[in-house]
């Protein structure tokens, strides 16, 4: 039997992904990840906003939850900011729902968690890949050890320093997101003023 090794994520690297996910779900009170629910909730301050739990979102969240295990980012507001930045930096490939949800977390981080946001983004840039790329969420993945998944992603052998282009890309994402938010607020106000 391999020696038990608890990685920096707080989960034993020898655990199978399906075992680590059960611990994760239990810790954060997620009933089986909430994958079968018709609606999911996003906490916005003291409020909870409900959205339909579309298949595209469920497909993305299954991978997203494994990324929480791999990175060790918590499932709280700060942790969602961090995992969102990490996933944006390492890429969400064809998972449109992941891009959209992560940009929401990224924007929240720009307002409330700037340093963790930047740090997580830079960590994501140092990884070789993530599970959104060419990985199928199936029993093969679920029966893989957490340590093996970390190796696949490259989180266990990240370079010490980031490149200047990583900082530039972070600034570009910040600028782009601010521009989108500004347009979403400015255009309706201008139309309203024009109509009145």
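The values are calculated or read from the model by the stated rules, or taken from the named source; none is laboratory data. What you see is a predicted model, and the numbers here were worked out from it, not measured in a lab. For neighbour counting, all protein chains shown are included, and Cβ atoms are generated from backbone atoms with ideal geometry for every residue, glycine included.
Screening region 143-154 for residues that are in a loop (DSSP other than H, G, I, E, B) and touching a helix residue (DSSP H, G or I) at 6+ places or on another chain (Cβ under 7 Å) and picking the one that is surrounded by the most Cβ atoms within 10 Å (Cβ to Cβ) gives 144. Taken over region 77-92, the criterion of being surrounded by fewer than 18 Cβ atoms within 10 Å (Cβ to Cβ) and touching a residue at least 40 places away in the same chain (Cβ under 8 Å) is satisfied by 91 alone. Among residues of region 101-121 being under 11 Å from the mean Cα position of the chain (by Cα) and free of Cβ contacts under 8 Å to residues at least 60 places away in the same chain, the one that is farthest from residue 179 (Cα to Cα) is 120. Only one of the numbered conditions (1) surrounded by 12 or more Cβ atoms within 10 Å (Cβ to Cβ); (2) over 12 Å from the mean Cα position of the chain (by Cα); (3) at pLDDT 95 or above is violated by residue 140, and that is (1). Annotation for region 122-137: at least one member residue is at pLDDT 95 or above, under 16 Å from the mean Cα position of the chain (by Cα), over 15 Å from residue 70 (Cβ atoms) and surrounded by 18 or more Cβ atoms within 10 Å (Cβ to Cβ). Being surrounded by 11 or more Cβ atoms within 10 Å (Cβ to Cβ), at pLDDT below 95 and touching a helix residue (DSSP H, G or I) at 6+ places or on another chain (Cβ under 6 Å) is a description that does not apply to residue 28. Against the numbered list (1) surrounded by 11 or more Cβ atoms within 10 Å (Cβ to Cβ); (2) free of Cβ contacts under 8 Å to residues at least 40 places away in the same chain; (3) within 21 Å of residue 116 (Cβ to Cβ), residue 45 comes up short only at (1).
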